[in-house]
Structures are given as structure tokens and as C-alpha cells.
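One structure below.
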Amino acid sequence: MLGFGESSSSLPLVLTATLTSPLRSPETTYTGLRCRECGHPYEAAAHHVCSEVCFGPLEVVYDMERIKARVSRAAIEAGPLSIWRYRDFLPISSDPIDVGTGLTPLLRSKGLAQRLGLRHLYIKNDGVNVPTLSFKDRVVSVALTRARELGFTTVSCASTGNLANSTAAIAAHAGLKCCVFIPADLEAGKILGTLVYNPTVMAVQGNYDQVNRLCCEVANSHGWGFVNINLRPYYAEGSKTLAFEVAEQLGWRLPDHVVAPLASGSLYTKIRKGFREFVETGLVEEKPIRFSGAQAAGCSPIAQAFAQGQDFIAPVKPNTIAKSIAIGNPADGPYALDVARRSGGSITAVSDGEIVSAIKLLAETEGIFTETAGGTTIAVLKKLAESGQIASDETTVVYITGNGLKTTEAVSDAIGTPYQIDARLESFNRAWDQAQAHG
Ligand SMILES: *Cc1c(COP(=O)(O)O)cnc(C)c1O
Ligand SMILES: [Zn+2]
């Protein structure tokens, strides 16, 4: 685990921005980047592919012994009420941009658990994350802190909606210039929830994969910090906090089974990495965890590869209401497949109809209004519970990653309408009788 990036002078320095602070200081716990495929080491700069050898994706390398020497349950419990209580596990070396992200509720489910016949079901609700009501606030808080350290003054992203909300909001807070790219056909709530922070918004005629391709060219030519492109290794680490919080909130133990949505597959694989790092540093006891993943049938390249027993991902053209997870060519797809297979989990697809029903099911049984990605995840949870793939006594955590108020058009035709009454008692009484008769 150790040693990469130690001899920095002999390594190529790939930087697209002026360096205003060290790549790492002596107090940091990360030591550099490394190719996930061939292991080739790189400096902790703004790059994300193995340009020297094999074009594989880069990831952050830590000195786990240094982390282990530094962390304890008590110190974490006494830390900030945000993701920054896990700062020693994150690739930053300066005071973080702290907008209060993280430490969202882990609810012990009653209503939904009973409906599905599960005895130990927990709901991690990132639909109430800060500042923009999705799990993306975690990855962006980390990526923009790193962007600032690396000297970027303009930040950007290729987004399916939530990432643009988060990047625009946190950039505004940090005083960074911001330009975001989205597919033009996003939900109104997602677009408004970006524009209000006054970034430059580019609505691209095309799907996410086309937006992403354009952004790779802009990243190369403009010297901007793209949170999910040239800053992707740092960005991805932010998702580990979804594992850290769950382990701490369960009383410093690991669950038996997790169910999470996949777009690029990054979040899903990093939840596993987070649990592993807690085991490696002695914060929790090791135990096997099954990882089950959720995709919408209208964009399910990873679920299809899983079903067909393939190791490669055949890209698809997205067509689903679950726009926030509609990535047809998922960067972390092969790694996600590996996590599902090696853990004894699965990756399952559900239809748009099932997604809408599941949004309503979660709302009616738990009082949680999630967006389409959450509907996808709950629909898969339901499928796995009903088919016996989740045992009733497994401690199961389901990840809700976004808020329903951003995707109201998904459910507007599937919910009731108010009774229209006059401001008179008999008008109310008549309507109430009708309501009772309808159950
Ligand atoms: C981005 C996103 C995800 C999944 O993202 P990955 O690319 O797989 O890390 C899940 N849910 C919501 C609501 C999202 O916005
Ligand atoms: Zn490589």
C-alpha cells in the first residue's frame, strides 16, 4: 500500500492549473495516485487516466498505517457533524470547504420493513443531504476542496442533474467560478436547482454520454477543474463517507447487505472501499457484506452484463425517467460487476412503472419522498426481498441518494389530487364522507 509518489521529482507532473499549494504536505494521509489496472504511480495532481502506460483509471493511494495511527472511534465521534469527521480518509491537505455535508439520517425502517418481510432494514437518507439534497454533495465537497488546493479558479462538471446542483452550490459558497454541462432534457427542478446559484449552464443537445465526451475536450483545452473528469480520483473518494457513516450509525459495525443505485458505478464500488478501510484501520470488525445494485431497465448496461455473465459493458442509449442514473457507458462498470459477483450480490434492473410505484411505496410507508434514483433502488430492494435474495434476518441498508422534489414530473400523474371544497363546514363534511368511502 505504501510508497507511491514518494520520489516526486522523478515522476511526470501533469497539471492544467497553476500550483498554489503543495500536492501533499507531511500531515496528509494520501501519498499519490495509482493506476487501478497496472499500478503505475502518479503524482496527486489533476489527472484521472494512466497516460504513461495503459489508460486505466487512477485512484488515490493512502498510507493506511498513518491513518490507523491517527484515527479512533472516540476521535471521530468528537469530530465535526459532517463528512469531515472522516477527514483522515479523504485526499485533501488544507482546511476543507465545509458546507455541512454529510451525517444524514440512518433510519430503522418499520413500515417498509414490515411490508417487505425484512426484520433489520435501515434507510440511509441522502435525500436530505446539505446543501443540495443528494449524495453528490459528498463528492463535490471533496473535489472542490482539492480543486482549490490545486489552484483551479474555474470548476465544472458533466452532470445528469444532481452533480450540477451540487457543483454550482458549493462553488458559489467557495467563491469559485463555475460552468456546468447538462443534457438539455433534464427535469425542471434539476435545472432550476442549478440556475439559482448563478453559474454558467450549458444545456447540451444530447444524452449524458455525449455531454461527457464534450467535457473531456473542454477539460483538455480550458484548464478547468472538472469534478468528475480530471478531479475524478478525488471526487470518487467522497462516496466512501456513505459507508463510514453507516458503520458508525450502526454502532461501529458493518451491515450484512447493502442495496445502492448505479450510474457510472462509482458510488457503489466506493461504498465497498469505505467499509474495507474501516476494517483495515481497526475501526470495525470484518464481516462479509453482499452488495446489490439497482439500475433502471431503460439504462441498465451493468445489470445486463451481470445477467449475461459478461466482464465487459456494452454501452446503451438511455431511455428512462431515472435520468440522474442514466449513464449508457459507465466508467466504473467492470469494477461494479466485480464487486457484485465477488460479494454474492447482484445488479438488477426495474421498469419505469416499478420505479414510480416504489417512490410511492417509500413515501407511504416511511414518509420519505425520493427521486427516481431512489425509486429504482427501492424497487430493486422489493424484488430482492420478495424473491428471497435478501433474508429476513440480514441487516440490510438501502441507500436513498436523492430528493423527490427535484423530479416531481415522474409522479405527478400517479398521485391523487386535492378535494376542492368551499370554506363551509357542510362542503368539508361532504368531501370527507367521499374520502372515507374511497378508503
Ligand atoms: C449520481 C447519482 C447516483 C450514482 O452515481 P454513480 O455515478 O454511480 O456514482 C445515484 N443516485 C443519484 C440521485 C445520483 O445523482
Ligand atoms: Zn495503467
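Descriptive notes on the structure:
- The stretch 244-351, accessible surface, carbon-and-sulfur percent (1.4 angstrom probe): 49
- By the Cα gyration tensor, the stretch 70-223 has an equivalent ellipsoid whose semi-axes, rounded to whole angstrom, run 30, 23, 13 from largest to smallest.
- Longest DSSP-loop-exposure-free segment, chymotrypsin sites (Phe, Trp or Tyr not before Pro), the chain, at most 15 other Cβ within 10 Å: 56-251
- Across the accessible surface of the stretch 54-180, with the other protein chains kept in place and a 1.4 Å probe, carbon and sulfur atoms take up 51 percent.
- Cα-centre dipole for the stretch 54-124 with unit charges at Cβ (Lys and Arg positive, Asp and Glu negative), debye to 20: 620
- Value of Rg to Rh for the stretch 384-439, rounded to two decimals, is 1.24; Kirkwood radius and Rg both from alpha-carbon coordinates.
- Axis of helix 352-366 versus longest Cα principal axis of the chain: the two differ by about 80°, to the nearest ten degrees.
- Rolling a 1.4 Å probe across the protein heavy atoms gives the chain an accessible surface of 40 Å² per residue.
- Degrees between helix 372-386 axis and first principal axis of the chain (Cα, 0 to 90, nearest 10): 70
- Per-residue ellipticity at 222 nm, computed for the chain from helices alone with -39500 (n - 2.57) per DSSP H run of at least four residues, works out to -11000 deg cm²/dmol.
- Listed residue (Ser300, Thr395, Leu192) projecting farthest to the positive dipole end of the chain, Cβ model: Thr395
- Gap separating the Cα centres of the stretch 40-92 and the stretch 98-159, nearest whole Å: 18
- Each principal axis of the Cα cloud of the stretch 237-319 was taken in turn, and the coordinate range along them, longest first, works out to 42, 23, 18 Å.
- Overall, the chain carries a charge dipole of about 240 debye about its Cα centre when +1 sits on the Cβ of Lys and Arg and -1 on the Cβ of Asp and Glu, all other atoms neutral.
- Shape box of the chain [Cα atoms, principal axes, largest first, Å]: 82, 46, 46
- Pairs from Lys177/Lys317; Lys68/Lys177; Lys124/Lys406; Lys110/Lys317; Lys68/Lys110; Lys124/Lys287 whose Cα-Cα separation, in the structure shown, is over 28 Å: Lys177/Lys317; Lys68/Lys177; Lys110/Lys317; Lys68/Lys110
- Distance cut-off 21 Å, percentage of C-alpha pairs in the stretch 330-439 lying past it: 53
- Folded to 0 to 90 degrees: helix 136-149 orientation relative to the chain principal axis, Cα: 20
- Volume per residue for the stretch 144-258 equals 131 cubic angstrom (convex hull of Cα atoms).
The values are calculated or read from the model by the stated rules, or taken from the named source; none is laboratory data. Bear in mind that the values here come from a model prediction, so they are computed numbers and not experimental data. Every residue, glycine as well, gets a Cβ built from its backbone with ideal geometry; the counts of neighbours run over all protein chains shown. Heads up: the accessible areas ignore ligands, DNA and RNA and are worked out on the full protein's heavy atoms, side chains in. Shrake-Rupley method; radii C 1.70, N 1.55, O 1.52, S 1.80 Å.
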